Amino acid sequence: MTDIGFTSQGIAPRRTDTRSVAAKARLKARYRSNTRFRWYGISALAIASAFLVILITDIFTKGMPAFWQHSIVADVAVTEDIVDPDGKRDPSAILGADYMALARTALAAAVPGIEGRTQKKQLNDLLSSGAADELRTEVAAHPEMIGKTVKANFLLSDTADLYLKGDGTPIINSAPSLGTATPSATAGEITVLTTDTDFAAALVEVKKDIQSKAAALSAEADRLQRLNSGTTADRIAELRKDAKSLEARLSNPNSEEVLDGKIASHLVEINGGLVKVTKLASSVVTGDVLIPLKSTEAAAPGQWQLITYATPETDRSISDRGVAFLEHLRSNGHVEKQFNWRFFTAGDSREAELAGVRGAIVGSLLTLFVTMIICLPIGVLAAIYLEQFAPKNRLTDLIDININNLAAVPSIVFGLLGLAVFLNFFGLPRSAPLVGGLVLALLVLPTIIITSRAALRAVPPSVQEAALGIGASKQQAIFHHVLPLAMPGIMTGTIIGMAHALGETAPLLMIGMVAFIVDVPKGFTESATVLPVQIYLWSDLPEPAFQSKTAAAIIVLLTVLFVMNGAAIWLRKKFERRW
């Protein structure tokens with residue numbers, strides 16, 4: 001390669017060194033630098049994609065169970081003395097009847113033999129407080145069901161529903177029987193005696209569990225001893241006493257063990273019933289009957305089994321008796337899994353199984369409607385004025401700077417502004433979509449102005465000049481020719497701004513939209529909440545079922561955001577002009 005160089009005598013050719021070893025080394029170094037830079041970009045993209053996949057996977061894994069719900073399917077007698085004692089078929093009387101009594105009666109019939117107030121209460125606790133709502137609605141719509149026996153679905157409580165979804169007692173082991181087992185009774189506290197050492201393996205596991213607990217207590221006592229704090233002396237003595245008590249139980253490997261709620265639960269399934277073991281030996285157990293036995297006949301090997309719930313009862317939200325009831329119902333075909341339409345049709349609730357996002361969705365739509373009808377015309381008109389009519393001077397430059405700065409202001413500042421102006425000064429209703437829409441309109445307005453100005457600048461000046469050349473006024477040229485061509489870009493920016501507003505939480509918290517709202521709002525001045533705030537409220541609740549509801553609500557919010565951004569991309573592609 002030759003370059004043209006200047007010398008004192010004039011212009012003379014100058015050669016560039018491309019063949020020397022140093023030149024080739026520089027070229028290779030440049031290629032290596034380009035390759036490294038390309039791989040840096042690919043690596044950054046791969047890492048970002050991996051984190052995104054992990055996030056989306058985690059959200060969907062936690063949220064998908066909330067879209068399904070379990071219920072009890074049972075035959076229920078719609079008796080007239082409970083539903084319509086007057087026999088007048090008055091709709092208000094039918095709706096006000098005690099359908100929970102019918103649900104409890106049907107559940108008791110599905111699990112026969114349960115007696116005693118405590119046992120009946122534990123059985124009834126499997127039902128949700130709104131278990132009979134579906135039956136109530138159906139009977140009110142069809143009064144001819146009164147006096148008949150119909151099949152109905154009764155919603156389970158959140159703890160029972162979580163158990164059936166695999167949360168709570170994820171591991172249930174069963175051991176095959178070797179000897180013949182004979183129960184002493186069919187109810188109450190009974191013993192089960194076998195002709196072989198069927199319970200020896202379980203006894204060894206219990207001993208190991210006790211040994212690990214004793215070691216943990218001793219280790220904790222040693223740790224506190226090393227701290228050398230006088231305030232922990234009593235605690236150290238208590239830990240060592242408990243450890244010695246557990247170690248004493250290990251002195252005889254074959255001695256009988258008393259099981260408590262801190263040890264894995266062991267149950268004997270025999271003669272159609274279930275016995276919770278309270279005392280365990282190699283060939284005999286003592287326990288409480290959870291599901292009544294049908295008889296006291298001896299059960300041959302293979303006709304009975306020992307079941308172990310790996311998770312101790314104290315570490316579960318559902319008791320052993322509740323698990324026994326649910327397993328009995330499931331084995332008899334009384335448990336049904338169905339899509340959770342209630343999640344989309346119900347408002348918020350203190351009961352996790354009854355909570356839904358309908359109120360939050362309606363509140364979000366009302367709030368976004370107020371936001372759009374305020375910020376869209378004002379933003380577009382302001383962009384037209386600043387881009388086409390405003391003189392270029394210090395005042396308009398100051399306005400431009402302030403608009404750009406407002407687009408970067410933290411959203412909570414707009415919430416403080418709404419609290420001071422709309423609530424405290426104008427006295428507008430707190431937690432209303434009207435106030436939320438006004439606050440979000442202030443938040444989104446700078447973004448819409450900036451995107452609208454960019455869309456107007458993207459239209460070639462020749463379009464306006466051609467319109468002026470054929471006699472159109474400047475206003476006609478702008479509104480009849482420039483604005484229609486810029487409208488796809490304006491709508492894209494508006495949709496993105498609305499998606500931004502939909503995901504905001506902080507400004508709405510400042511105006512009181514964090515309140516617990518059960519009813520679905522019917523107007524712009526009624527109390528309401530929005531999806532991001534609903535997610536925030538549920539995430540702060542301790543119940544495990546609400547954590548799944550939180551993830552499900554995030555899925556709904558992400559779906560809406562993806563649809564809105566997808567619509568913006570589609571509009572841009574469909575109406576985009578190449579100039």
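The values are calculated or read from the model by the stated rules, or taken from the named source; none is laboratory data. As the structure is a prediction and not an experimental result, all values here were calculated from the model. Here Cβ is always computed from backbone atoms with ideal geometry, including for glycine, and neighbour counts include all displayed protein chains. Keep in mind that these areas ignore ligands, DNA and RNA; they rest on the heavy atoms of the full protein, side chains included. Shrake-Rupley method; radii C 1.70, N 1.55, O 1.52, S 1.80 Å.
Among the helices (runs of 4 or more DSSP H) confined to the stretch 27-133, the ones with at least 3 residues that are within 19 Å of Lys148 (Cα to Cα) and in contact with a strand residue (DSSP E or B) (Cβ under 9 Å, 6 or more places away or on another chain) are located at 99-110.
Condition check ((1) of a type in the set (A, V, I, L, M); (2) free of Cβ contacts under 8 Å to residues at least 24 places away in the same chain) across all residues:
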{"position": "Leu509", "(1), (2)": "yes, no"}
{"position": "Lys522", "(1), (2)": "no, yes"}
{"position": "Tyr536", "(1), (2)": "no, no"}
{"position": "Leu557", "(1), (2)": "yes, no"}
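Any residue that is under 30 Å from Val518 (Cα atoms) and buried (at least 16 other Cβ atoms within 10 Å of the Cβ) - is there at least one of those in the stretch 298-316? Yes; the residues of the stretch 298-316 include at least one that is under 30 Å from Val518 (Cα atoms) and buried (at least 16 other Cβ atoms within 10 Å of the Cβ).
The numbered conditions (1) among the acidic types (Asp, Glu); (2) more than 20 Å from Arg321 (Cβ to Cβ); (3) touching a strand residue (DSSP E or B) at 6+ places or on another chain (Cβ under 6 Å) are all true for Glu189 except (2).
Restricting the search to strands (runs of 3 or more DSSP E) fully inside the stretch 166-218 and requiring at least 2 residues that are at pLDDT 90 or above and open to solvent by 40 Å² or more (accessible area, probe 1.4 Å) gives 189-194. Within the stretch 94-137, the residues that satisfy the criterion of being farther than 30 Å from Gly273 by Cβ, exposed (fewer than 15 other Cβ atoms within 10 Å of the Cβ) and not polar (S, T, N, Q) are Leu95, Gly96, Asp98.
Scanning the stretch 477-493 for residues that are at pLDDT below 90 and open to solvent by less than 20 Å² (accessible area, probe 1.4 Å) yields Thr492, Gly493. In the set (1) open to solvent by 50 Å² or more (accessible area, probe 1.4 Å); (2) modelled with pLDDT of 85 or more; (3) under 30 Å from Pro183 (Cβ atoms), Asn271 fails one condition alone, (1). Residues that are part of a loop (DSSP other than H, G, I, E, B) and either under 30 Å from the mean Cα position of the chain (by Cα) or on the phi > 0 side of the Ramachandran plot (or both) within the stretch 139-165 comprise Gly147, Ser157, Lys165, listed in sequence order. Residue-level analysis places Ala360 outside the set of residues that are modelled with pLDDT under 95, closer than 29 Å to Pro461 by Cβ and small (Gly, Ala, Ser).
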